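Structure first, then comments.
The values are calculated or read from the model by the stated rules, or taken from the named source; none is laboratory data. This structure is a prediction, so every number in the text was calculated from the model and none was measured. Cβ coordinates were reconstructed from backbone atoms using ideal geometry, including for glycine residues, and neighbour counts include every protein chain displayed. Accessible surface is based on the protein model in full, side chains and every heavy atom, while ligands, DNA and RNA are left aside. Shrake-Rupley method; radii C 1.70, N 1.55, O 1.52, S 1.80 Å.
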Amino acid sequence: MKVRRALLATLAVVLLLPIVAVGGLLLVAQSEWGERWIEHRVAAMLDREVEINGISVKLGWPPRVIFAKLRISNPSWAKTPNLVDAEGLYARVMVPPLFTGRVVVPYIGARHATAGLELDGKRATWRFSKREEDQQESRLQLGLVYLDDGRIKFIEGPEQTDLDIEVKGSAGEGGELNAKGAGRFRGEATTATVRIPNLNAQHESPLEVNGSAKVGRTQGDASGTLSTDGRSLDLKVKLVGQNLKDLAKVTGMVLPDSPPYVFSGLLKHEGTQWNFDPFQGKVGDSDVSGAVAYLKSGGRPLLKATLQSKLLELDDLAPLIGAPPKTGAGETAAPEQRAQSAQRAAAQRLLPEQKFNTEKWGRMDADVRLEAKRVQRPKQLPINGLQTHLVLKNGVLNLEPLNFTLADGRITSHVKLDANQQPMRGDMTVDVQGLHLAPLFPTVKSMQDALGTLYGRADLVGHGYSVAELLGSSDGKMSLAVDGGRISALLVELIGLDVAESVMLLGKNHDQVQLRCAVSGFEVKDGLAHAESFVIDTDDTVIKVEGGVSLDEEALDIEAHPYPKDPSPLALRTPLTMKGPLRHPKIRPKAGPLAARVAAAAVLGAVNPALSVLALIETGPGKDAPCGELLAEAKHKGAVKKEG
């Protein structure tokens, strides 16, 4: 029995001693001597100037501590004088953590206060360790911080952030906190307002918030809840901006150029992951919806997205490859994109020259899938759908693949851009399958009844920081082939300048000739694509093409030589030349041979007018091309027709 009583007494002492000790400390703290002692001890511990007046303690669980005045100075490197200068400060302090050297304050508020919060690399005005490596871990843990009337100055020098925040509110039933801020956030002019309704001093559940902010050209509105420690949130968000690239400054994510956009969706944050899921909106004139996740755990952050578009405006993708979107009437574009469009129009260039921002590719990895059910495009491009899978990892961007559905067939591309190489290396493989000739040329009347399917392949490697530089320096090969079909007889006769045949075909728009084969093969060296084998063979005419295309200078220099297979009483057969810039090439008969025929007709006409016709007679020297050999050569270069 004595042992039992002794054990109970020992337990009572062990349990009550901390409470008695804390109670004694609380009573001492409320004396003048206690205030000065605490002031001295806190100043020594923080290595800061500290001023404390009017300490009082309200017993409860947890205990409530009130300061008539509390001032803690900032370190010498800070621009603002005080970390906090508060009047009527009150706080609830958890007792058990005090025995482990930690101060846990679930709630702290003040009637009036000013605060100077500054970050400079690893240094922060609210971190008190003298050793820089220890400053990431604080022994002070704060929950809800509340101000009846206050001003906060927040500065983060390396991030070019300098904000003045004004806070007003009241606690208790129906309490509400209102804050508004202005200044610069990450170098961008910023204004923001936040309202926290239903605020009370015992708030432990997530806070209800409503707010809006404008950072540079980006406007955001949000409503929902967030935890008092800021580590989780659940918000309905609307974002409106001129360019997705602007969001990179706000979020730290690597985002591409885009036309103006508007998004609305559900934003959630938990731990190291952010989710914008689901969301919907528009980019330029294209609708977009889906889910986006941003993970910051481990090494580089990872952006994952699955995107869908019911109707994609093709030109809205142009900024991704360094070209502006359309800027005509009814088109959506940012001011700088309208300026870029005007510059491109004046320069008469076709390939995008804007450089990729590759120095940021190593900051983040990405895995993005996009599918467009329908594609709005120019009449000359019969594209029906688009699918792509973009992967950015370790500074290497892959499109694996980029699929276009068009002209009842498809074009599948695999693109790899390696920003780790200087200059950047680009590898591109394009596979063309089953493109029908008639829908491939929707604006050419003479091709409306054409038959035949086009297939081919291109393999190119280039170096540079823009599409123009990559193609302008590229090496490789390209090959296209059509194995049989039909095309307009009128088109063939016009190419051969067969006047008699053309006159007879006028009004017979549906007359067709058999297309035995059409094969083109180009070798590409330093951006110059030279035609090694380019033949169009019909049962009426064989056309051989010579010359090439300069991708560097964006210029054509091609001659098409027609060789009719049947005689004609009246022909001006001469090569056709296609020369000049890719954007506006000039197509015309070659002057020399044509002039020679006309001169011969004039000489014979001087002898006898009837003889002048002899110079214009076409004897039909054309012979069938070796289509089998040509198609085999195209197949060797990758132009393979795939079944199914």
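Take the conditions (1) over 27 Å from Gln421 (Cα atoms); (2) more than 15 Å from the chain's Cα centre (by Cα); (3) open to solvent by 40 Å² or more (accessible area, probe 1.4 Å); Gly409 misses just one of them, which is (3).
Going by what's in this entry, would Asp277 be described as farther than 23 Å from Ala468 by Cβ, open to solvent by 40 Å² or more (accessible area, probe 1.4 Å) and in contact with a Lys or Arg (Cβ under 6 Å, 6 or more places away or on another chain)? Reasoning before the result, please.
Details: farther than 23 Å from Ala468 by Cβ: yes; open to solvent by 40 Å² or more (accessible area, probe 1.4 Å): yes; in contact with a Lys or Arg (Cβ under 6 Å, 6 or more places away or on another chain): no.
Against the criterion (farther than 23 Å from Ala468 by Cβ, open to solvent by 40 Å² or more (accessible area, probe 1.4 Å) and in contact with a Lys or Arg (Cβ under 6 Å, 6 or more places away or on another chain)), Asp277 does not qualify.
Looking at region 294-310, which of the residues that are more than 20 Å from Asp246 (Cβ to Cβ) and within 14 Å of the chain's Cα centre (by Cα) is surrounded by the most Cβ atoms within 10 Å (Cβ to Cβ)? Among those that are more than 20 Å from Asp246 (Cβ to Cβ) and within 14 Å of the chain's Cα centre (by Cα), it is Leu302. The C-beta contact set for region 291-303 (first residue in contact (Cβ under 8 Å) with a residue 40 or more places away in the chain, second residue of a type in the set (S, T, N, Q) and in a strand (DSSP E or B), distance under 9 angstrom, 6+ apart or interchain) comprises Tyr294/Gln273; Tyr294/Asn275.
Scanning region 237-249 for residues that are surrounded by fewer than 19 Cβ atoms within 10 Å (Cβ to Cβ) and hydrophobic (A, V, I, L, M, F, W, C) returns Val237, Val240, Ala248.
The one condition from (1) closer than 24 Å to Leu392 by Cβ; (2) open to solvent by 30 Å² or more (accessible area, probe 1.4 Å) that Ala318 does not meet is (2). For Leu302, the criteria (1) under 27 Å from Phe404 (Cβ atoms); (2) modelled with pLDDT of 85 or more hold in every case but one, which is (1).
Being at pLDDT 80 or above, within 22 Å of Lys525 (Cα to Cα) and touching a Leu at 6+ places or on another chain (Cβ under 9 Å) is the requirement here; does Ser479 meet it? Reasoning before the result, please.
Values: at pLDDT 80 or above: yes; within 22 Å of Lys525 (Cα to Cα): yes; touching a Leu at 6+ places or on another chain (Cβ under 9 Å): no.
It is false that Ser479 is at pLDDT 80 or above, within 22 Å of Lys525 (Cα to Cα) and touching a Leu at 6+ places or on another chain (Cβ under 9 Å).
Restricting the first member to region 399-414 and to residues that are over 18 Å from Ala366 (Cβ atoms), and the second to residues that are in a strand (DSSP E or B) and of a type in the set (Lys, Arg), the beta-carbon pairs closer than 9 Å and six or more apart or on different chains are Asn403/Arg410; Phe404/Arg410.
Matching residues to (1) open to solvent by 20 Å² or more (accessible area, probe 1.4 Å); (2) more than 24 Å from His584 (Cβ to Cβ); (3) in a loop (DSSP other than H, G, I, E, B); (4) not β-branched (Val, Ile, Thr):
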site	(1), (2), (3), (4)
Leu312	no, yes, no, yes
Ser341	yes, no, no, yes
Ala345	yes, no, no, yes
Lys360	yes, yes, no, yes
Arg374	yes, yes, no, yes
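When residues of region 151-166 are filtered for being modelled with pLDDT of 85 or more and surrounded by 14 or more Cβ atoms within 10 Å (Cβ to Cβ), how many remain? Of the residues in region 151-166, 11 are modelled with pLDDT of 85 or more and surrounded by 14 or more Cβ atoms within 10 Å (Cβ to Cβ).
Here is a check on your reading of the model: is Val145 of a type in the set (Val, Ile, Thr) and modelled with pLDDT under 80? Against the criterion (of a type in the set (Val, Ile, Thr) and modelled with pLDDT under 80), Val145 qualifies. Screening region 511-537 for residues that are touching a Cys at 6+ places or on another chain (Cβ under 9 Å) and under 15 Å from Pro564 (Cα atoms) and picking the one that is most open to solvent (accessible area, probe 1.4 Å) gives Arg516.
Summed over region 177-228, the residues that are modelled with pLDDT under 80, farther than 17 Å from Trp274 by Cβ and open to solvent by 60 Å² or more (accessible area, probe 1.4 Å) give a count of 4. With respect to Arg92, determine if the residue is open to solvent by less than 40 Å² (accessible area, probe 1.4 Å), at pLDDT 55 or above and in contact with a strand residue (DSSP E or B) (Cβ under 7 Å, 6 or more places away or on another chain). For Arg92, the condition - open to solvent by less than 40 Å² (accessible area, probe 1.4 Å), at pLDDT 55 or above and in contact with a strand residue (DSSP E or B) (Cβ under 7 Å, 6 or more places away or on another chain) - is not met.
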